[in-house]
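A short worksheet on the structure shown next.
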Amino acid sequence: MGPRKVIVKDDAIYDAKTGVLIKDGLTTREAVEQYVDHHYMVLPVVDKAGRPWLLDGQLVFCLHGTQYETVNDDVIHVVPCPDCGGMAIRDEEPLVDTECVRCTQCGHEFDPRLEMMES
Ligand SMILES: [Zn+2]
């Protein structure tokens with residue numbers, strides 16, 4: 001069992017799958033993050049501007065720091081864009097190096113293996 005996937009709406013945390021209210025009255029971002037940390041929950045991945053990643057309209061969650069899943073527990077192969085923090089997916093172009101990924105938000109193309117070595 002991984003952490004419970006949750007979403008935040010207004011001052012409250014809801015279960016991402018069922019929409020059930022888990023906790024309300026969390027008025028600050030810090031309060032939300034503290035509650036999530038202490039209760040083994042995970043929030044949707046957001047980019048540097050705070051916009052959530054969406055894959056086919058579904059929120060994306062990061063588990064164990066490296067594994068990405070949709071709300072339905074489908075493991076997906078995406079990586080964060082080093083520029084904007086957006087979701088980068090493998091390029092479908094057949095002529096392009098298959099390891100190359102493209103950011104869905106800013107269009108930045110990069111090789112995640114190289115990015116890992118740099119950081
Ligand atoms: Zn980007």
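The values are calculated or read from the model by the stated rules, or taken from the named source; none is laboratory data. Being a predicted model, the structure only gives us computed values, none of them experimental. Neighbour counts run over all protein chains shown; Cβ positions are idealised from the backbone, glycine included. To get the accessible areas, we keep the full protein, side chains included, count just its heavy atoms, and leave off ligands, DNA and RNA. Shrake-Rupley method; radii C 1.70, N 1.55, O 1.52, S 1.80 Å.
Here are some notes:
- Of everything listed in (1) within 16 Å of the ligand (Cβ to nearest atom); (2) in contact with a Lys or Arg (Cβ under 6 Å, 6 or more places away or on another chain); (3) part of a strand (DSSP E or B), the single unmet condition for residue 60 is (2).
- The residues on offer are 87, 117, 41, and the sole one that is modelled with pLDDT under 90 and either more than 16 Å from the ligand (Cβ to nearest atom) or open to solvent by less than 80 Å² (accessible area, probe 1.4 Å) (or both) is 117.
- Residue match in segment 12-33 (condition: without any contact (Cβ under 8 Å) to a residue 24 or more places away in the chain, assigned to a strand (DSSP E or B) and within 16 Å of the ligand (Cβ to nearest atom)): no
- Selection status of residue 35, over 30 Å from residue 111 (Cα atoms) and out of contact with any helix residue (DSSP H, G or I) (no Cβ under 7 Å at 6 or more places or on another chain): yes
- Test result for residue 78, open to solvent by less than 60 Å² (accessible area, probe 1.4 Å) and modelled with pLDDT under 95: yes
- Hits in segment 56-65 - residues which are within 8 Å of the chain's Cα centre (by Cα) and open to solvent by 50 Å² or more (accessible area, probe 1.4 Å): none
Residues checked against (1) modelled with pLDDT of 95 or more; (2) outside any loop (DSSP other than H, G, I, E, B); (3) open to solvent by 90 Å² or more (accessible area, probe 1.4 Å):
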{"site": "1", "(1), (2), (3)": "no, no, yes"}
{"site": "48", "(1), (2), (3)": "yes, no, yes"}
{"site": "72", "(1), (2), (3)": "no, no, yes"}
{"site": "96", "(1), (2), (3)": "no, no, no"}
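- Against the list (1) within 16 Å of the ligand (Cβ to nearest atom); (2) open to solvent by 30 Å² or more (accessible area, probe 1.4 Å); (3) under 27 Å from residue 16 (Cα atoms), the condition residue 53 fails is (2).
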